[in-house]
1. Please compute the length gained on full extension between LEU22 and ILE68, using 0.36 nm multiplied by the number of residues separating them and subtracting their Cα-Cα distance.
2. Between ALA11 and MET53, what is the FRET efficiency for a Förster distance of 30 Å, r being their Cβ-Cβ separation, to the nearest 0.05?
3. Select from the chain the helices, each a whole stretch of DSSP H, whose alpha-carbon atoms run 27 Å or more along the helix axis and whose Kyte-Doolittle mean is at least 0.5; answer none if there are none.
4. Let me check the size of the chain from its C-alpha atoms; what are the radius of gyration and Dmax in Å?
5. Could you do me a favour and compute the accessible area per residue for the chain, 1.4 Å probe, result in Å²?
6. Could you compute the net charge surrounding LEU107? Neighbours are other residues with a C-beta less than 11 Å from the C-beta of LEU107; K and R count +1, D and E count -1.
7. Taking a 1.4 Å probe, which of TRP56, TRP4 shows the most accessible area, and what order do the others take after it?
8. In the chain, what percent of the accessible surface is made up of carbon and sulfur (1.4 Å probe, ligands and nucleic acids excluded)?
Amino acid sequence: MNTWIDFFCFAGFLFPFYADGLITIIERLKGGESLVIPHRRHLYQVLANEGRMKHWKISLGYGGLQLIIGFTLIYAKAYGIVAILGALACFFLLFTIVSYNIKKKLL
């Protein structure tokens with residue numbers, strides 16, 4: 001890795017986990033929950049426990065999402081850091097909306 005742009009591109013492959021963690025922290029703080037008490041509020045946990053989805057399907061979905069986001073960021077690299085950060089912002093907004101709707105339905 002030679003630049004910050006490379007870092008953002010490769011870190012993008014882990015984006016679903018970063019986004020899920022950040023969204024869950026925000027939800028818990030908003031609800032007045034302690035961050036040091038165990039919970040089961042991450043999207044993958046909600047899908048597995050309340051949604052009764054098989055773990056392999058959730059993992060496959062997360063893996064597919066990781067590839068889509070990672071390769072999109074590598075493609076956006078040619079257009080600079082603004083394109084990469086814009087793509088990350090769009091993916092985060094989309095992930096937030098989908099996560100909120102799934103959790104609203106299942107919790």
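1. Details: separation 46, 0.36 × 46 = 16.56 nm, distance 1.99 nm.
Difference between extended and current length: 14.6 nm.
2. Values: r = 26 Å, r/R0 = 0.88.
According to the calculation, E is roughly 0.70.
3. TM-like helix candidates: 55-76, 81-106.
4. Rg then Dmax for the chain, in Å: 15.1, 43.
5. 67
6. Numbers: positive: ARG40, ARG41, LYS103, LYS104, LYS105; negative: GLU27, GLU50.
In short, +3.
7. On the way: TRP56 155, TRP4 185 Å².
In descending accessible area the options line up as TRP4, TRP56.
8. Values: 5100 of 7150 Å².
The computed percentage sits at 71.
The values are calculated or read from the model by the stated rules, or taken from the named source; none is laboratory data. Quick caveat, the model's predicted, so the values are computed rather than measured. Quick reminder, even Gly has a Cβ in these numbers, built from the backbone with ideal geometry, and neighbours come from all protein chains shown. Ligands, DNA and RNA are excluded from the accessible area calculation, which covers all protein heavy atoms including side chains. Shrake-Rupley method; radii C 1.70, N 1.55, O 1.52, S 1.80 Å.
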